Structure formats: structure tokens, C-alpha cells
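Asker: Before we start, here is the structure in question, set down as C-alpha cells.
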Amino acid sequence: MIEIRDKRLVIDGTPRILLSGEVHYFRLQRDEWPDRLARLRAAGGNTVASYIPWLSHEPEEGHFDLDGHTRDALDLAAFIDLCHEQGLYFMARPGPFIMAEMKNEGIPYYVYERHPEIMPVGWDGKPAPTRTVDYLAPGFLHEVRRWFDAVMPILAARLQPTGGNIVAVQLDNEIGMLSWVSNSPDLTDFTIDDFWNWLQDRYAPDELAARYPFADDSAPARATAIRSPHDAWAPALHHDLGEYMRDRFARYVATLRGYAEENGVRDVPFIVNVHGTAEGRGLTFPIGISQLYEAYTQAPGYLGGSDFYLGDLTTRNFADLYLINGFMDAVTRPGQPITAVEFEAGSGDYAADQSARYDPSAIDFKVRMCIAQGNRLLNYYLFTGGINYPLPHPVHDGNGRISFTGERHGTGAPVGPEGQLNYTYDRTARVTRSVAALDETLATMEEEHDGLMLAFIPDDFMTETVYPGSERIRGIVADLVAHRGGGIGSHLVRALLYAGYRFGCLDIQDRPLSPSRPPVLAVATSRFMAGGLQEKLVRYLTDGGHLLLYGEVPEADEEGRPCATLRDALGLTPRGKLTSSPTFFLSVRAGDWLGVRPEVRVDEAQLFGATRGTRLIHEVSTGHGCGFDVPVGDGRAVAITCSYPGDMALFRTICETLGAAPGLRRDVEEPGIFMTSTANPDGARLIYLMNLDGYEKRFRLFDGDKPLFKGEEIQLGGREALTLPLHLARDGVTIDWATAEIVDRGAETLEFRLAQERSVIALTTNCSVTPDRDCEIARDVGRTTVTVRRAGLHDDRLTLRFG
């Protein structure tokens, strides 16, 4: 039995963390399957995931091979059953689209040949440059249903609730991604007719005619006006088309779920995979959330899964991953956890040209952050490489294989195409086994927060396709891109994290706001914000909420129409906007209760006069304000309207003044340390520490004013991480605190990793405690303290036996 409740994945009554590795059975020889599964189990994995490629299993119309009669590695049931025999759960990913570097993204050639009407055109009627299709086209859905009718019965017979090992089924893959990356919306005649029907349901006839002057034109004329919108209606179309696409994707997912359930696949989570990272950053990831959140929150039984490729987690992008997890959580249904179903693993050497070699810490850091923020499933993609075999029929495309990457696939995976281990395998195994050791405890933990939340506005990211011929839309989107999410240059979120804040994210567009949740709300703002949302923020302030605005104060709504409701409530009078240039070195200075601070360079400043409150920051050349503290009703707002750099002390001062202080503190204030904490209802806690820099750091930790770990110094090596327990109880032993992390757990043993020269483990137990190495042991009534010194970097293990 599998339940989704209380932000947990509960299997047969026990909350679990699913630690999965992607193993493409179809890219391996059948006799290689046991070895790859053994590698996964040895690394601490408990679940296998795999795409199930339609292109491989039905390369020619009507000729299915799901039992291996043409190629023995295509015996799907045999692979799933072998996983079961090896004690591994299975996550099925049957498409229809799978991507996975497959030709046609995994769709058989005959589908395109038989149904040319499903191939979209986009802006200005240009053919889509990708192999995407019109998802809801009847011809495509007819073929998808045939595919599901063939593959789903195999899955239905192996579901975990009925004694099998399948714990989740993913529906399609990265829906809408191809349109986004190519800036080519799906605008077939069928889609445009469906869109027009959607508009007619949404707007009264006079409203529709006011928005779209072509409303009474013929269907072909309307299609032309939608594919090549005039600037007069381009902003309205941009907004309506984005909202329609969300609904369209949700209907597509519901249709796929219906096909699956008709074939007996039910009572397991259906996963929707969310795309969006680019060039090692997560700044664009919320575009995927915006596209798909309605699809995976439309009904119970769904899970949203992130899909991210960030490379090394560094000071440049660590805040991106924190926001990916936070924004994913912000839109979930009550009780719905987040997952990561395409979690980048390996060296990053995807082209086998040695142009990328991630540090081994990359996966370690990302696993810890994702687990701390509540991910209940991680799927390492890829865990093993393989071989792209030739298609059974000629396609005359240069290599004739199932994939466009060449013969070898997954060259950067921890386990390579021929089964060789690369340099990332050991660190991957180390962090995975440490999570597995605390599986049931971690599965009940939630991140602790500090009375501060960061706003998520889905419509700010509804920018997946932008009509290139509209100057108005290009201007709106450019301003949104510069200011949304974590603020200009990610200054806001990075400063908050360095300052020690642990915070969740809140969808302020669709969810209620109250002064108690959150007591302090940080919002990255641009010049464009829906009028209704501006009013919502004003009510929040009036009712006693405390608001930190960073970026620009809105002066127009989401379609560019003048709207300054929030600005007027703040009592701000525009004085223009300045931007830096090669000949103008825009500078600002902070003061008043922010303290005496040096003048700093900024890229932009929106200038105002204020009718009340306190000016906190001013632009140097004009003296006009670009930072204010303003009372509004029973509430208070601090508006920073310039691209003030990520000064962690300044932003902490602002948040503390508004009423949110960081709970975790260090005695040495230095950037480059990420820290957070989790707790469960039983009182157990874990402290997560990551050193993003390449040199050692030493500090002491405090929870408020109280020293943690009895004031023991923490020694954190360069590119190292620690997860340290507090009040962790199991089987008659409570770890009161420890400066070593748990990496394995047996029936009567605990194994620790000694990451510091000196580690201390404080226990409450009536059991005897026997270490497997020389230690200092202090015993008192019911209490034992173990102190151990490490002889060298590789002398890093301690096992305690309890009797």
C-alpha cells in the first residue's frame, strides 16, 4: 500500500525515502542487468527507474516487442521482476515522450508518418523545429492509447499494493519543454480551435471582443491573428495563451492517467516530471513549474518531480537549487511531498570529450540539500550508461541507432556504458548510504524555518514562449526575467541563505496571505504585477504583515496596463530610473537604521520620493531615495528599489527589524557556508552544513543564543559537508548530539564518519558501548560520551556496538 500524506511517501505504513538510480535495461545486454543492479544496491539504492521507450518496443506499427522475442533486453517484465528479486522497488517511465536522447524523443517514426496533422506550427505559422506534437490531437491520442494498452497491463501486474515492486508511474516527460526551448508554441488548427473555445468559456462575448478585435472574424483569420499577434493584443494573448497551455497540459496528463487506470494501473503515485534548468543555473526552472503545476495538483494521487542539471553546486548556483525545491513545494497540494525524478549524477562528461568533470562533491551537496528540503524520492540520472543499439529498420540519418548521441550512452554516469566505475561513484555511494542509514527518520522530517517566507508568483514565469515580433511583450518579459524569483542577480536569496535564514516559499498568487503566515514576506518584484496581487499585498500590510520588497515597485499590471496600487499604498512618488553604463557608475549609499555603510555600485535604481516613513538608501548623484521603511496600516514594508548587492549583514538587519531572526548562527561570519536544519515530531533534529569553498573553515554553531554540540568547534573541509544529529533515538539509544555523521546502521551498531580531527558523540543509553578503535570514553549514569581523534584524512570511520 502506498499513501501520499503529511508530505510523506508511506509504503505499507512506513514513511520512506526512495533512493533510485536510472538503469536503462534496453541499452544493456540482458546478462548485464544483475551487475548494474548490484552496483546500485551497493551504493545504497533501494529503487530502480527506467524509461520504457515506445520507439524500442514498437519500432514498426503494430509490431510490439515487450517480451524480448526480437531483442532479449526488451523483456520489460523480466527486468522489473529481476529488480524485485534483488529487493529493489521500480519506477516506470513509459512516456509516450521520454526524451532520454532518443530519436523522436522516443516516439515511433510511424506516428509522425501516419498523422502529419499532429506536427505543430508556431509563431507566424513556422513549422516546429523540434519533434514535439499536438498532445491532444485525436490522432496522437489514438496511438498513445494503443501503446498504453500494450505496456500498462505489464505494469498493472507488478504494482506494489498488489505484491509487486512498482511504486510509481511517470506520465510522459518534460511536457511543454520542447515548445519552451524552441520558443515555438503548439499552434495547430486543432489547438487554436480548442484555445478559442477555452477563451469563449472564460470571457463574455463583449469582453472577448474588447481583448481581441478579430473575435468575429473567420476561423482562418483568427488563426493568423493568434500566430502573428499585433502589438495591440499581444500582451492579452501572451497571458491567455499561457493560462490555456497550463489547462491543456493538465487535460493531457489526466487523459494519460485515465488510459493507465483503464488498464489496471492505480493506487500508485502518478508522477509529472518538471523541466527547466539551463547552463548550470536554475533561474529558468520555475518556467516548468508554471507550465505544469496545474497538471500535478489537479487531483489526489499525483506527484511533481523536479528535473535539474546544475553541475557543481557552488556559490554561484546553490541558491538556485534551494529555490527549485522551495518553489516546487509552494504549489503542492496539502500533504503532497516533492520529489526529484531526474537528479543529475556523474561527471557531466556527456559528450565523452572530457570538457566537463564535476567535483565529486556535486552530488553530495545536492542530495543533502534536497533531502533537507523534503524530497522523498531522488532518482539519479543516469546511474548507469549503456549502448545505443541500431534500429531494426533503416532511417538514413547518419547513425541508424535509437539515439542521436552515438553508440555509447551515459558516458558520465557513475557506472559507465561498459560497467566501469568512474570517480564519482564512491562519493555518490557515501552520501546515498548515509541517507539510507536514516531512511525512516529522514522520511518524517521537515525543514525548520525562521518566520520568513519568499514569495513565488507563477505568472512571473509564464514566459515559455514569447512572440518575437512584439516589442511590448519583449519589454515586459525582459523586465520579469531580470527581477523575478530570487531577485536581481539572485542577490536577495543568496544573502538570506548566507545570513543563516531557513525559509519556505509561498505561492502568493494562488494561496491566501495572512499576517501570521508569513510574519515576514520577501518578494522579488518587477515593474509588472497583476492588479489583484498588488491589492492582496496591500491588504496583507494593512492587516499587520511585514513585507520586504526587492527590485522594482510595480507600476503596471501583467499585461502592461498602468496599475500602481502597491506604490500608492506605500506613499512613493516616482523620480525616474537610472541604470549603470560604461560612462555612468551608478552608486548608492545606505544609512539611518541600516547603519553607516560604504557607498556601493549598482546596476539599476528606481528612484522615489516618500510621503512618510524613513529613507534607508539613496542614489548618490541625485540624492533621491531607492530604499524605504514605510508603515502601511498595521503593517510595515521595507522596499529596496535598487540592485543592492547581496550584503548578508544588511539583509539580516532588515529582516530582523521586520521581525524575523535566523535561528542558526555561526560565531564566524563568512560567506560560502550553507546551513539548515530539519526536525520530526519525535524531537529528533539534523543540522546540515556545506562548505561551498575549497578551503577549510572552523566555527561554532548556535541555535539562537544557545551553543550547539556543547560549544564544540566544527571543522569543515573544503567542498565538504556534514549532517549532524541531535536527540536522535532508536532501539534504546539516543544520540544527544554528535560532531560526526551517521553513515550506516545495523541491528546493534552505528557507524560514523569522522570528518574532523576531533569528533565527539554524546549518548543516552543503558546499553554497553563498545567502539572498534581507540577512543576516550566517559561514562555517567545512563550517559556515555565518546571522543575520538582521526589519524589522517582516510582514518575516518568509527563503529559503536551496543549490548
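Asker: Within region 584-599, is there a residue that is among the β-branched types (Val, Ile, Thr) and over 22 Å from residue 453 (Cβ atoms)?
Answerer: Within region 584-599, the subset among the β-branched types (Val, Ile, Thr) is 588, 596.
The next check asks that each one be over 22 Å from residue 453 (Cβ atoms); those that pass are 588, 596.
There is at least one residue in region 584-599 that is among the β-branched types (Val, Ile, Thr) and over 22 Å from residue 453 (Cβ atoms).
Asker: Moving on. Please work out which one of (1) in contact (Cβ under 8 Å) with a residue 40 or more places away in the chain; (2) in a helix (DSSP H, G or I); (3) open to solvent by 40 Å² or more (accessible area, probe 1.4 Å) is the condition residue 193 fails and give its number.
Answerer: Among (1) in contact (Cβ under 8 Å) with a residue 40 or more places away in the chain; (2) in a helix (DSSP H, G or I); (3) open to solvent by 40 Å² or more (accessible area, probe 1.4 Å), the lone unmet condition for residue 193 is (1).
Asker: Let me ask another. Tell me, please, whether a residue that is touching a Phe, Trp or Tyr at 6+ places or on another chain (Cβ under 8 Å) and within 26 Å of residue 330 (Cβ to Cβ) can be found in region 431-450.
Answerer: Yes, region 431-450 contains a residue that is touching a Phe, Trp or Tyr at 6+ places or on another chain (Cβ under 8 Å) and within 26 Å of residue 330 (Cβ to Cβ).
Asker: Turning to a different aspect of this structure: Within region 296-309, count every residue that is surrounded by 24 or more Cβ atoms within 10 Å (Cβ to Cβ) and outside any strand (DSSP E or B).
Answerer: 1
Asker: Additional query: Hey, residue 45 hits all of (1) under 20 Å from residue 100 (Cα atoms); (2) in contact with a strand residue (DSSP E or B) (Cβ under 6 Å, 6 or more places away or on another chain) but one; which does it fall short on?
Answerer: (1)
Asker: Which one of 600, 596, 620, 630 is of a type in the set (Val, Ile, Thr) and within 17 Å of residue 549 (Cβ to Cβ)?
Answerer: Sole residue among the options that is of a type in the set (Val, Ile, Thr) and within 17 Å of residue 549 (Cβ to Cβ): 630.
Asker: I need the full set of residues from region 374-387 which are surrounded by fewer than 24 Cβ atoms within 10 Å (Cβ to Cβ) and in a loop (DSSP other than H, G, I, E, B), in order please.
Answerer: Within region 374-387, just 374 meets the criteria.
Asker: Let me ask something else. Give the residue, chosen from 627, 613, 646, that is under 21 Å from residue 537 (Cα atoms), under 33 Å from the mean Cα position of the chain (by Cα) and not aromatic (Phe, Trp, Tyr).
Answerer: The unique qualifying residue is 627.
Asker: Given the options 200, 170, name the one that is buried (at least 16 other Cβ atoms within 10 Å of the Cβ) and either out of contact with any Cys (no Cβ under 8 Å at 6 or more places or on another chain) or closer than 23 Å to residue 306 by Cα (or both).
Answerer: Going through 200, 170 in turn, just one is buried (at least 16 other Cβ atoms within 10 Å of the Cβ) and either out of contact with any Cys (no Cβ under 8 Å at 6 or more places or on another chain) or closer than 23 Å to residue 306 by Cα (or both): 170.
Asker: Quick check, is residue 259 open to solvent by 10 Å² or more (accessible area, probe 1.4 Å), touching a residue at least 24 places away in the same chain (Cβ under 8 Å) and under 27 Å from residue 163 (Cβ atoms)?
Answerer: yes
Asker: Can you tell me which residue within region 476-521, out of those that are assigned to a loop (DSSP other than H, G, I, E, B) and aliphatic (A, V, I, L, M), is farthest from residue 243 (Cα to Cα)?
Answerer: Result: 499.
Asker: Can you tell me which condition residue 443 does not meet? The list is (1) at pLDDT 95 or above; (2) over 15 Å from residue 380 (Cβ atoms); (3) touching a strand residue (DSSP E or B) at 6+ places or on another chain (Cβ under 7 Å); (4) open to solvent by 10 Å² or more (accessible area, probe 1.4 Å), and all the others hold.
Answerer: Of (1) at pLDDT 95 or above; (2) over 15 Å from residue 380 (Cβ atoms); (3) touching a strand residue (DSSP E or B) at 6+ places or on another chain (Cβ under 7 Å); (4) open to solvent by 10 Å² or more (accessible area, probe 1.4 Å), only one is false for residue 443: (4).
Matching residues to (1) open to solvent by less than 50 Å² (accessible area, probe 1.4 Å); (2) of a type in the set (Val, Ile, Thr); (3) out of contact with any strand residue (DSSP E or B) (no Cβ under 6 Å at 6 or more places or on another chain):
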{"residue": "678", "(1), (2), (3)": "yes, yes, no"}
{"residue": "681", "(1), (2), (3)": "no, no, yes"}
{"residue": "692", "(1), (2), (3)": "yes, no, yes"}
{"residue": "702", "(1), (2), (3)": "no, no, no"}
{"residue": "705", "(1), (2), (3)": "no, no, yes"}
{"residue": "709", "(1), (2), (3)": "yes, no, no"}
{"residue": "714", "(1), (2), (3)": "yes, yes, no"}
{"residue": "719", "(1), (2), (3)": "yes, no, yes"}
{"residue": "728", "(1), (2), (3)": "yes, no, no"}
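Asker: Which of (1) within 27 Å of residue 592 (Cβ to Cβ); (2) open to solvent by 20 Å² or more (accessible area, probe 1.4 Å); (3) modelled with pLDDT of 95 or more; (4) outside any strand (DSSP E or B) does residue 665 not meet, given it meets every other one?
Answerer: Evaluating residue 665 over (1) within 27 Å of residue 592 (Cβ to Cβ); (2) open to solvent by 20 Å² or more (accessible area, probe 1.4 Å); (3) modelled with pLDDT of 95 or more; (4) outside any strand (DSSP E or B) leaves (4) as the failure.
Asker: Let me ask another. Checking residue 87 against (1) closer than 24 Å to residue 250 by Cα; (2) free of Cβ contacts under 8 Å to residues at least 60 places away in the same chain: exactly one of these is not met. Which one?
Answerer: Answer for residue 87: the failing condition is (1).
Asker: Also, I was wondering about something else. Tell me yes or no: at least one residue of region 140-162 is assigned to a helix (DSSP H, G or I), free of Cβ contacts under 8 Å to residues at least 24 places away in the same chain, of a type in the set (Lys, Arg) and open to solvent by 20 Å² or more (accessible area, probe 1.4 Å).
Answerer: Checking region 140-162: at least one residue is assigned to a helix (DSSP H, G or I), free of Cβ contacts under 8 Å to residues at least 24 places away in the same chain, of a type in the set (Lys, Arg) and open to solvent by 20 Å² or more (accessible area, probe 1.4 Å).
Asker: If the Cβ limit is 6 Å and pairs must be 6+ apart or interchain, which residue in region 642-660 that is under 15 Å from residue 601 (Cα atoms) pairs with which residue that is among the charged types (D, E, K, R) and crowded, with 23+ Cβ neighbours inside 10 Å?
Answerer: Partner pairs satisfying both residue conditions: 646/494.
Asker: Mind listing whichever residues of region 1-37 are open to solvent by less than 30 Å² (accessible area, probe 1.4 Å) and free of Cβ contacts under 8 Å to residues at least 24 places away in the same chain?
Answerer: The one that is open to solvent by less than 30 Å² (accessible area, probe 1.4 Å) and free of Cβ contacts under 8 Å to residues at least 24 places away in the same chain: 10.
Asker: Name the one entry in 630, 553, 638, 588 that is among the aliphatic types (A, V, I, L, M), outside any strand (DSSP E or B) and either open to solvent by 20 Å² or more (accessible area, probe 1.4 Å) or in contact with a strand residue (DSSP E or B) (Cβ under 8 Å, 6 or more places away or on another chain) (or both).
Answerer: One residue alone meets the criteria, 553.
Asker: Out of the helices (runs of 4 or more DSSP H) lying entirely within region 3-116, which hold 2 or more residues that are touching a Gly at 6+ places or on another chain (Cβ under 6 Å) and either among the hydroxyl-bearing types (Ser, Thr, Tyr) or closer than 29 Å to residue 139 by Cα (or both)?
Answerer: 54-57
Asker: Out of everything in region 396-424 that is at pLDDT 95 or above, part of a loop (DSSP other than H, G, I, E, B) and among the hydroxyl-bearing types (Ser, Thr, Tyr), what residue ends up being most open to solvent (accessible area, probe 1.4 Å)?
Answerer: Here the residue is 423.
Asker: Show me the strands (runs of 3 or more DSSP E) entirely contained within region 724-787 in which 2 or more residues are over 14 Å from residue 803 (Cα atoms) and of a type in the set (A, V, I, L, M, F, W, C).
Answerer: 733-738, 741-745, 758-765, 776-780
Asker: All but one of (1) more than 29 Å from residue 233 (Cα to Cα); (2) in a strand (DSSP E or B); (3) open to solvent by less than 10 Å² (accessible area, probe 1.4 Å) hold for residue 575; state the number of the condition that does not hold.
Answerer: Condition not satisfied by residue 575: (3).
Asker: From 472, 494, grab the single residue that is surrounded by fewer than 22 Cβ atoms within 10 Å (Cβ to Cβ) and charged (D, E, K, R).
Answerer: When all the criteria are applied, what remains is 472.
Asker: Output the residues belonging to region 111-130 that are touching a residue at least 40 places away in the same chain (Cβ under 8 Å) and surrounded by fewer than 16 Cβ atoms within 10 Å (Cβ to Cβ).
Answerer: Correct list: 114, 117, 124, 125, 126, 129.
Asker: Does any residue in region 266-277 that is closer than 19 Å to residue 8 by Cα come within less than 6 Å, Cβ to Cβ, of a residue that is of a type in the set (D, E, K, R) and modelled with pLDDT of 95 or more six or more places away or on a different chain, and which pairs are these?
Answerer: Short answer, once both residue conditions are applied: 270/257; 273/174; 273/307.
Asker: When the residues of region 573-610 are narrowed to those that are of a type in the set (Ser, Thr, Tyr) and under 37 Å from the mean Cα position of the chain (by Cα), which ends up farthest from residue 651 (Cα to Cα)? Show your work before the answer.
Answerer: Residues of region 573-610 that are of a type in the set (Ser, Thr, Tyr), as a first pass: 573, 579-581, 583, 587.
Filter again for under 37 Å from the mean Cα position of the chain (by Cα), leaving 579-581, 587.
Details: 579: 22, 580: 23, 581: 26, 587: 18 Å.
The qualifying residue farthest from residue 651 (Cα to Cα) is 581.
The values are calculated or read from the model by the stated rules, or taken from the named source; none is laboratory data. As the structure is a computational prediction, the values presented were derived from the model and not from experiment. Cβ coordinates were reconstructed from backbone atoms using ideal geometry, including for glycine residues, and neighbour counts include every protein chain displayed. Accessible surface is based on the protein model in full, side chains and every heavy atom, while ligands, DNA and RNA are left aside. Shrake-Rupley method; radii C 1.70, N 1.55, O 1.52, S 1.80 Å.
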